[in-house]
Amino acid sequence: LMLTQPLSVSESPGKTVTISCTRSTGTIDSNFVQWYQQRPGSSPTTVIYEDNRRPSGVPDRFSGSIDTSSNSASLTISGLKTEDEADYYCQSYDDNNHWVFGRGTKLTVL
Amino acid sequence: QVQLVQSGTEVKKPGASVKVSCKASGYTFTSYGVLWVRQAPGQGLEWMGWISAYNGDTNYAQNLQGRVTMTTDTSTSTAYMDLRNLRSDDTAIYYCARGHSTLFDYWGQGTRVTVSS
């Protein structure tokens, strides 16, 4: 199982950006998708779990969705701020309930 | 407040073992599991496995089976990750996180492990 993300995306402050995560085998709705943010030099944090749920403290500018037609999940960040500049990783599970991470997307807010 | 405090930087030779600790505070340790993830220099996140602090059940990544052991000490609210027969490609920052199932909401600060002869 592979989760494919774009290597990088960039957008201006105040705009909206969407990061995709395409599942290679099986269906995207067969296992939940999580999204993690990792700012430079920091530990990862969870921004979306169970496809579209936000942990306490994560602003509602962050949203998640899945699209069965493209077999992909998406993380959307609206009202971009410079503090959103980070690496973002999607994660799901294989048939053995082992975690699989995407290779990460570097978000630049310029 | 919930905190996960990991042990300090380690430098090991190939073939040696390393044991990283993750001391939890601010919550009931046995109510959550502990996840271990690592990140090689300049690379992405790699899942290593998970342990239930409630009953010790584990689930390890296939590529680490036989080299990794995860344990907990409920008396000190500490989780441990033991990695044996270290290789240069085990050089990474190792993170623990607390949670269960799909939500891991608190992460440790990371432990840098360098494997070099």
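Answer with yes or no whether residue A:20 is among the small types (Gly, Ala, Ser), modelled with pLDDT of 95 or more, in contact with a strand residue (DSSP E or B) (Cβ under 6 Å, 6 or more places away or on another chain) and outside any loop (DSSP other than H, G, I, E, B). The answer is yes for residue A:20. So for segment B:89-102 (the condition being at pLDDT 95 or above, among the hydroxyl-bearing types (Ser, Thr, Tyr) and open to solvent by 50 Å² or more (accessible area, probe 1.4 Å)), does at least one residue qualify? No. Among strands (runs of 3 or more DSSP E) entirely within segment B:21-69, having at least 2 residues that are under 16 Å from residue A:100 (Cα atoms) and of a type outside the set (Phe, Trp, Tyr) singles out B:33-39, B:45-52. Taken as a whole, the structure leaves residue A:94 outside the set of residues that are surrounded by 18 or more Cβ atoms within 10 Å (Cβ to Cβ) and touching a Leu at 6+ places or on another chain (Cβ under 7 Å). Just so you know, in segment B:65-83 the residues that are loosely packed, with under 14 Cβ neighbours inside 10 Å and over 20 Å from residue B:24 (Cβ atoms) include one that is modelled with the highest pLDDT, and it is B:66. For segment A:23-46: of the residues being without any contact (Cβ under 8 Å) to a residue 40 or more places away in the chain, closer than 14 Å to residue B:37 by Cα and not in a loop (DSSP other than H, G, I, E, B), which is farthest from the chain's Cα centre (by Cα)? The selected residue is A:45. When B:60, B:27, B:54 are checked against the criterion of being without any contact (Cβ under 8 Å) to a residue 40 or more places away in the chain and surrounded by fewer than 19 Cβ atoms within 10 Å (Cβ to Cβ), B:54 stands alone in meeting it.
The values are calculated or read from the model by the stated rules, or taken from the named source; none is laboratory data. Bear in mind that the values here come from a model prediction, so they are computed numbers and not experimental data. Cβ coordinates were reconstructed from backbone atoms using ideal geometry, including for glycine residues, and neighbour counts include every protein chain displayed. Surface areas here come from the heavy atoms of the whole protein model, side chains and all, with no ligands, DNA or RNA. Shrake-Rupley method; radii C 1.70, N 1.55, O 1.52, S 1.80 Å.
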